[in-house]
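*Asks:* Dropping a structure here in structure tokens format, bear with me for questions.
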Protein chains: 2
Amino acid sequence: MPAPFHPTRAFQAYQIFAANTDVGKTILATGLCRAAAMVAKQKNRDVFYLKPVQTGYPVDSDERIQQSKSKNGAYSFIETAGGIHSPVMSGTPQADFYRPLRLPSVLIGDSRLGGISTTLSTYESLALRGYDIPSILLFQNDRYRNHTMLSDQLTSSNHAKGKYEQTLVSTVPAPPTPLEDPVKELESMRKYYEQLDEYMQPVMKHLDQVHEARFDRLAHMEEKAQDILWWPFTQHQNVKQTTVVDSAYEDYFLTYNTNKETQAMEPKEMFDSCASWWTQGLGHANPKLTMAAAHAAGRYGHVMFPETANEPAMALAERVLENDKWASRVFISDNGSTAIEVALKMALRATALRYGWSDSTPIDVLGLEGGYHGDTIGAMDACSPNVFNKNVQWYKPKGHWLQAPSLHISKGKVHVRVPESIQGSNAANVFGYDSLDAVYATDQRHQNQDPLVSVYKSYVRSQLDGLRQQNRHIGALLMEPVIMGSGGMIFVDPLFQRVLVDTVRTEGADLLGYKAQEQAKGWEGMPIIFDEIFAGMYRLGRRSASDFLGVKPDIVGYAKTLTGGLVPLALTVTKESLFDIFLSDKKENCLLHGHSYTAHPIGCAVAGETIDTLESLARVDQPTLWTSYRDNWKSNETWSMWNPTTIDRLSHMENVSSVMSLGSILAVELKDEQGGYNSMISKNIIHSMRHADFDQGHGAGINLFARPLGNVIYLMTSQTTTPERVRQCEDILFQCLEQQQRA
Amino acid sequence: MPAPFHPTRAFQAYQIFAANTDVGKTILATGLCRAAAMVAKQKNRDVFYLKPVQTGYPVDSDERIQQSKSKNGAYSFIETAGGIHSPVMSGTPQADFYRPLRLPSVLIGDSRLGGISTTLSTYESLALRGYDIPSILLFQNDRYRNHTMLSDQLTSSNHAKGKYEQTLVSTVPAPPTPLEDPVKELESMRKYYEQLDEYMQPVMKHLDQVHEARFDRLAHMEEKAQDILWWPFTQHQNVKQTTVVDSAYEDYFLTYNTNKETQAMEPKEMFDSCASWWTQGLGHANPKLTMAAAHAAGRYGHVMFPETANEPAMALAERVLENDKWASRVFISDNGSTAIEVALKMALRATALRYGWSDSTPIDVLGLEGGYHGDTIGAMDACSPNVFNKNVQWYKPKGHWLQAPSLHISKGKVHVRVPESIQGSNAANVFGYDSLDAVYATDQRHQNQDPLVSVYKSYVRSQLDGLRQQNRHIGALLMEPVIMGSGGMIFVDPLFQRVLVDTVRTEGADLLGYKAQEQAKGWEGMPIIFDEIFAGMYRLGRRSASDFLGVKPDIVGYAKTLTGGLVPLALTVTKESLFDIFLSDKKENCLLHGHSYTAHPIGCAVAGETIDTLESLARVDQPTLWTSYRDNWKSNETWSMWNPTTIDRLSHMENVSSVMSLGSILAVELKDEQGGYNSMISKNIIHSMRHADFDQGHGAGINLFARPLGNVIYLMTSQTTTPERVRQCEDILFQCLEQQQRA
């Protein structure tokens, strides 16, 4: 929806919705506009009364509105046609069509018999779409007195809201009986409208106050946030400006910030190109997810999980196991970090029991250098030491981490960079491939004896042998398949991870010198944990990142896009053989993990709805949004939402070291390898993306809310972003990179 | 709501709601009943068509329905009067009044102009109250064709749901124009109804199928849950039966389980007396919390938190700081365990910097024996070793834990049990007090030199001195004020915790031999962390558990009731002095913790609404639900929802060792001290509470979903439980304890 309609302090805009047809919407809207006109006259403002045509798009000149906004301000009322669910021409219901504007709404209530219900239901339908409704207007009806009941109901349900979110219920006299004589009728209505002014003035006053309070609040938030919030992973000292997010829809934040020149809060649409910390899957404020959440809340609230079953949790577990056929058990927790701690508790116990390690044996994990598994201390301990975790007093690395070869596209060519430690310093450390598809054809590379197979195998063998010589006890292999996200969007050569898993399974126990005290059952060598918190559930275009490797883990963790980008929830999915070892007649032998809100029905219901939607998008037997992306890449497996031509062009840029892309991720490695986490180059580019004016091309009028990751700039869409919007982001990225190149 | 209306496989019951008045509800309901009667006749069943009187309560004999249910079954249709928000006599809207039954609903849609909106809004209002709507019925109207649009909309929004949750939209011919001649009119309507039968048969068939599918699903869940779920903290081997929770409302679960005799799934209402792992605050499926969640979902979804501000998060932070005036910063995370890990990261860094400890210094916490702080490994490490955590491979205790004196009521007397290690073995270890009020008058006890002040102080001093001698580095005092929940509902003498905090602050650094490298600012000795995850936010009747101690912490964690029992969210609240030490020009010096869904707007909005409701309940300037409880205890501070006479009576029982109660908690220590976590006595009592038939008294007809905690039986209500329901639980508790006593 177009920017001209977004309110500013001087520009008030309202949506007028009706609870029903025939409740006098036009009469009441007209009355309200008259009152607005009187106020406007005093302040030398304009009034727009916009009646949308069938497309849903309001009819007036954007320019005219823009001019009024920038002059003395204006009032704008956008009337809707029919009820809130009546479709515009595209078939979208009005309440959804106008939602991107999220204008404060005047609801024309129904004063007739039954009108309490229709008015309140309409109110609820608007509220669950995120609308604020400062005013309900309806005709006086002393027989039914609906307004009293409405007022009571809304006062009691509004009491927690800020002042500017309160709903005022007002009545006005009903219009006179129509007269046959047109002259008399005109006169009668003229008198009626004059009479209405008296009733509408307090409504306008309330709207004015609410509007002022809203902008006071926005300004207050911008100023106050840095004083009372403690943001995660944020160096507060470096934050120059708080972005006030007033609302969000699909890919966009609607933000407000102070314009340095005018000192006024100004609206701006920002593409959420960090996918809200990689959670975004199905778009912000997706009405289906809202309804799934609301239904679960209304059916259960939260219910105790141990020893019980409820529909959303069961349906989710069944749905996940339908795909993860290698697994049979689902453990639910709150976030990716807890999912990994749960996985570690499962795996370490299993290994300790199989190899007869005592309670005092220090057990380590095997992982990859640069991997990341979460922020709780147990998950941190499973990561190699780095500049971040060394600052955490209780962090104590418990593992051995291998170097990993990574994938890059430079100057249009795909290649694997193999670290010297793997290859030995005398050999070439860059291996070229024809295409991404060729690199991700892991099974084929494995079968066809890609020369790297033996290179990787001997590296892994020598590493495991080295661990045996140090008498180390390795309890699990834990890694992020395909991509190490927090480590800097490092795409790992899938063949390496495949060879690693195979070698650990087939030769691991022997190489490490471990003797099993029981017959191997269910898992070999050590439990393999795949951390798919970030990369699973279609982030890379396929349901599981393990699909790219051609091997399955023994334990996998999911979170982030699992709930489509709405609420925290995580899964740890595993096999019966790992479950069985926790069975005992002693309570204390059970798995010791369980948050109070484990398997909260809202999260489970939202995850169920999300998976279903993602599976629909992933279908190959019928056209979906993803079809054109897959066609671009000529593959249903190795594809991205970003354009291949974009990747190519980026890979040739002077200030770009390399590029990679898969699914909804685009990662650009800048030539600033020394910059690390305090890279000024990426900081400057991010700053432009967020704040510069882009007047031309697809990106005109918007900005990107991007975040840096060291010297890597990444952009990430949701799974439902359209090609047009991808192009929008690409355009802005090019503009910023080119500007930096020139600088 | 009464049990007779809950469906069984043989007993189908439906609610009939209308989208509007004048849409032919009675005609369509009558038509449906005729069709039901035809089916019923074949199966020798009954049909009930219940029209509620003004109270809302349907008119028919419960006994008659009960008989039909147990014979061959029956169909029951409960019609409502007016719209779904029309109030019953008590003022409760119909949709809320009938919600405890949560009957599958037939929605009579509106086929007129505007009817799409009113029908869909009504559908949404019912859905967000947790209703399933298997059928929408409306008159044919070929002009507006609302049914087509409704069907399209609902198919697309229902696709993720199970088959038995699908909505069938059906039309039937509109009734003929009324005739003046009553005989002819009768004949005309007779013909009309005959004609309707043809249209209603498929509807009945659909309802039959949905009903069968629902009961198949319930049976499937009961059977399957133990095969695919991995419950937290549960020894699966000991679970004999999965409780299938079909829905919940206020204090109750509506559960289904197989009746061993009839082999049929049978409904049972169970009081959620474990407060769903201590989360329940404002009742299950509270419509206000649902709306708060839905509005936030519809306004934002989730939005990236770092460097941004949004209304629900800001409002929550401001609201919390209004009460915690000693604090100025709010960090948000996902659950109690993460809140504590965050607190530890803050505190340990602060202490290490102040005293100049190197990165390699092993830092410990000071805590209380038996305390519990969460399930992530970092939080576990802050707890003393016990039978549970020793089974976790990466658990490594990092602390020194003091013995704590505890509060008990035995034989009607309040006393403090002081462990020998505190008091020395020659002195008396039990100290009597006149009342709970007297024990919790911590300031007074402190000022008036309660003899325990010096006992406690010398114990703490000697412990700190001992730590100095061992050259230990203590980074924080971490404890649960007032009550150690998971440790076994141990009520700690508040005076002890008061003396401990005071001593650590005033003499801690000296006693421990630490030399500050900077001027002490903001905190003294070491940061004091209060873990109020369980006890804060009015669980004990006061906002903060620290109110009972008369001292404030430097860091506090909140969760559980913070969100009223709906979704996971946690806060770590602290002072500016602790925030400041993370400021630096280096990104990596920031606080390294941040889950992807940090400050998800749903959680923040629900927490805001919860706090507001709790603060209303806590008011002392006007009568609230809590007034009668406070009156019972003759105190606005030290009070409980449980009756003082109950506490007294329990404390005199032979099989009871002691009792304690505060706020909504009742803890009964059984005489089975050897039983520990596998106590058979408490297991048997819990089993009776869950499954026995209670025919008499307040508890008639329901059961308690309680959970054991070693040899302690606890019952916990929500903060909105009524006195009548408390009495219900007390009655059942007495019956079970008496039965056990006799056995």
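*Asks:* If residue A:296 meets every condition in (1) within 24 Å of residue B:287 (Cα to Cα); (2) within 7 Å of chain B (Cβ to nearest Cβ); (3) over 17 Å from the mean Cα position of the chain (by Cα); (4) in a helix (DSSP H, G or I) apart from one, which number is that one?
*Replies:* Answer for residue A:296: the failing condition is (2).
*Asks:* Of all the residues that make up the stretch B:341-358, how many are within 25 Å of the chain's Cα centre (by Cα) and more than 10 Å from every other protein chain (Cβ to nearest Cβ)?
*Replies:* Result for the stretch B:341-358: 1.
To keep it simple, each residue is scored yes or no on (1) modelled with pLDDT under 95; (2) of a type outside the set (Val, Ile, Thr); (3) assigned by TED's automatic domain parsing to the domain that holds residue B:535.
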{"residue": "B:548", "(1), (2), (3)": "no, yes, yes"}
{"residue": "B:553", "(1), (2), (3)": "no, yes, yes"}
{"residue": "B:561", "(1), (2), (3)": "no, no, yes"}
{"residue": "B:566", "(1), (2), (3)": "no, yes, yes"}
{"residue": "B:574", "(1), (2), (3)": "no, no, yes"}
{"residue": "B:581", "(1), (2), (3)": "no, no, yes"}
{"residue": "B:585", "(1), (2), (3)": "yes, yes, yes"}
{"residue": "B:597", "(1), (2), (3)": "no, yes, yes"}
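*Asks:* State the number of residues belonging to the stretch A:25-49 that are open to solvent by less than 20 Å² (accessible area, probe 1.4 Å) and of a type outside the set (Val, Ile, Thr).
*Replies:* Counting residues in the stretch A:25-49 that are open to solvent by less than 20 Å² (accessible area, probe 1.4 Å) and of a type outside the set (Val, Ile, Thr) gives 9.
*Asks:* Specify the residue that is farthest from the other protein chains (Cβ to nearest Cβ); the eligible residues are those in the stretch A:393-413 that are surrounded by fewer than 21 Cβ atoms within 10 Å (Cβ to Cβ) and among the polar types (S, T, N, Q).
*Replies:* A:410
*Asks:* OK, next. On the basis of being touching a residue at least 60 places away in the same chain (Cβ under 8 Å), basic (Lys, Arg), under 18 Å from residue A:233 (Cβ atoms) and assigned by TED's automatic domain parsing to the domain that holds residue B:530, does residue B:354 make the cut?
*Replies:* no
*Asks:* Has the stretch B:272-284 got at least one residue that is in contact with a helix residue (DSSP H, G or I) (Cβ under 7 Å, 6 or more places away or on another chain) and of a type in the set (D, E, K, R)?
*Replies:* Checking the stretch B:272-284: not a single residue is in contact with a helix residue (DSSP H, G or I) (Cβ under 7 Å, 6 or more places away or on another chain) and of a type in the set (D, E, K, R).
*Asks:* Now for a different question. Could you run through the stretch B:681-702 and say how many residues are farther than 15 Å from residue B:242 by Cα, of a type outside the set (Val, Ile, Thr) and open to solvent by less than 70 Å² (accessible area, probe 1.4 Å)?
*Replies:* Counting residues in the stretch B:681-702 that are farther than 15 Å from residue B:242 by Cα, of a type outside the set (Val, Ile, Thr) and open to solvent by less than 70 Å² (accessible area, probe 1.4 Å) gives 9.
*Asks:* Give the stretch B:299-325 a look and list any residue that's of a type outside the set (D, E, K, R), open to solvent by 10 Å² or more (accessible area, probe 1.4 Å) and at the interface with another protein chain (Cβ under 7 Å from one of its Cβ atoms), or say none.
*Replies:* B:315, B:321
*Asks:* On to the next question. Scan the stretch A:85-99 for residues that are within 11 Å of chain B (Cβ to nearest Cβ) and either in a loop (DSSP other than H, G, I, E, B) or among the aromatic types (Phe, Trp, Tyr) (or both) and jot them down.
*Replies:* Within the stretch A:85-99, A:85, A:86, A:91, A:92, A:99 meet the criteria.
*Asks:* Taking interchain pairs and intrachain pairs at least six residues apart, which have beta carbon atoms under 7 angstrom, with the first residue in the stretch B:229-256 and among the charged types (D, E, K, R) and the second at pLDDT 95 or above and open to solvent by 10 Å² or more (accessible area, probe 1.4 Å)?
*Replies:* Note: pairs meeting the criteria are B:251/B:725.
*Asks:* Taking the criterion of being in contact (Cβ under 8 Å) with a residue 40 or more places away in the chain, assigned to a strand (DSSP E or B), within 30 Å of residue B:11 (Cα to Cα) and basic (Lys, Arg), would at least one residue in the stretch B:258-276 satisfy it?
*Replies:* yes
*Asks:* Filter the stretch A:643-680 down to the residues that are open to solvent by 10 Å² or more (accessible area, probe 1.4 Å) and either touching a Lys or Arg at 6+ places or on another chain (Cβ under 8 Å) or of a type in the set (Asp, Glu) (or both) and list them by number.
*Replies:* Answer for the stretch A:643-680, where residues must be open to solvent by 10 Å² or more (accessible area, probe 1.4 Å) and either touching a Lys or Arg at 6+ places or on another chain (Cβ under 8 Å) or of a type in the set (Asp, Glu) (or both): A:643, A:648, A:652, A:654, A:655, A:657, A:669, A:672, A:673, A:677, A:678.
*Asks:* So for the stretch A:111-127 (the condition being open to solvent by 10 Å² or more (accessible area, probe 1.4 Å), assigned by TED's automatic domain parsing to the domain that holds residue A:208 and of a type in the set (S, T, N, Q)), does at least one residue qualify?
*Replies:* Checked against the condition, which is being open to solvent by 10 Å² or more (accessible area, probe 1.4 Å), assigned by TED's automatic domain parsing to the domain that holds residue A:208 and of a type in the set (S, T, N, Q), the stretch A:111-127 yields at least one hit.
*Asks:* Going through the stretch A:221-250 one residue at a time, which ones are open to solvent by 10 Å² or more (accessible area, probe 1.4 Å), within 12 Å of residue B:309 (Cβ to Cβ) and assigned to a loop (DSSP other than H, G, I, E, B)?
*Replies:* Across the stretch A:221-250, the qualifying residues are A:239, A:241.
*Asks:* Ok, one more. When the residues of the stretch B:376-392 are filtered to those that are assigned to a loop (DSSP other than H, G, I, E, B), surrounded by 24 or more Cβ atoms within 10 Å (Cβ to Cβ) and out of contact with any Pro (no Cβ under 8 Å at 6 or more places or on another chain), which remaining residue is farthest from the other protein chains (Cβ to nearest Cβ)?
*Replies:* Restricting to residues being assigned to a loop (DSSP other than H, G, I, E, B), surrounded by 24 or more Cβ atoms within 10 Å (Cβ to Cβ) and out of contact with any Pro (no Cβ under 8 Å at 6 or more places or on another chain), the top hit is B:382.
*Asks:* Could you identify the single residue in B:272, B:216 that is within 14 Å of chain A (Cβ to nearest Cβ), of a type in the set (Asp, Glu) and open to solvent by less than 40 Å² (accessible area, probe 1.4 Å)?
*Replies:* Checking each option against the conditions leaves just B:272.
*Asks:* Oh, and also: Can you find a residue that is on the phi > 0 side of the Ramachandran plot, touching a Ser or Thr at 6+ places or on another chain (Cβ under 9 Å), surrounded by 20 or more Cβ atoms within 10 Å (Cβ to Cβ) and not polar (S, T, N, Q) anywhere in the stretch A:554-564?
*Replies:* Within the stretch A:554-564, one or more residues are on the phi > 0 side of the Ramachandran plot, touching a Ser or Thr at 6+ places or on another chain (Cβ under 9 Å), surrounded by 20 or more Cβ atoms within 10 Å (Cβ to Cβ) and not polar (S, T, N, Q).
*Asks:* Also, I was wondering about something else. Going residue by residue through the stretch B:326-338, is there one that turns out to be at negative phi, open to solvent by less than 10 Å² (accessible area, probe 1.4 Å), free of Cβ contacts under 8 Å to residues at least 24 places away in the same chain and not in a strand (DSSP E or B)?
*Replies:* No.
*Asks:* Okay, next question. Considering the stretch B:20-34 alone, what residues qualify as being touching a Phe, Trp or Tyr at 6+ places or on another chain (Cβ under 8 Å) and part of a loop (DSSP other than H, G, I, E, B)?
*Replies:* Once the filter is applied, which keeps residues that are touching a Phe, Trp or Tyr at 6+ places or on another chain (Cβ under 8 Å) and part of a loop (DSSP other than H, G, I, E, B), the stretch B:20-34 yields B:23, B:24.
*Asks:* Related question: Just to be sure, is residue B:28 more than 35 Å from the chain's Cα centre (by Cα) and farther than 22 Å from residue A:111 by Cβ?
*Replies:* For residue B:28, the condition - more than 35 Å from the chain's Cα centre (by Cα) and farther than 22 Å from residue A:111 by Cβ - is met.
*Asks:* Return yes when residue A:207 is in contact with a strand residue (DSSP E or B) (Cβ under 7 Å, 6 or more places away or on another chain) and within 25 Å of residue A:111 (Cβ to Cβ) and no when it is not.
*Replies:* Here the answer is yes, as residue A:207 does meet what is asked.
The values are calculated or read from the model by the stated rules, or taken from the named source; none is laboratory data. Everything numeric here is computed off the predicted structure, so don't read it as measured data. We place every Cβ from the backbone using ideal geometry, glycine too, and count neighbours over all the protein chains shown. When the accessible area is computed, the model is the full protein with side chains, heavy atoms only, and any ligands, DNA or RNA have been set aside. Shrake-Rupley method; radii C 1.70, N 1.55, O 1.52, S 1.80 Å.
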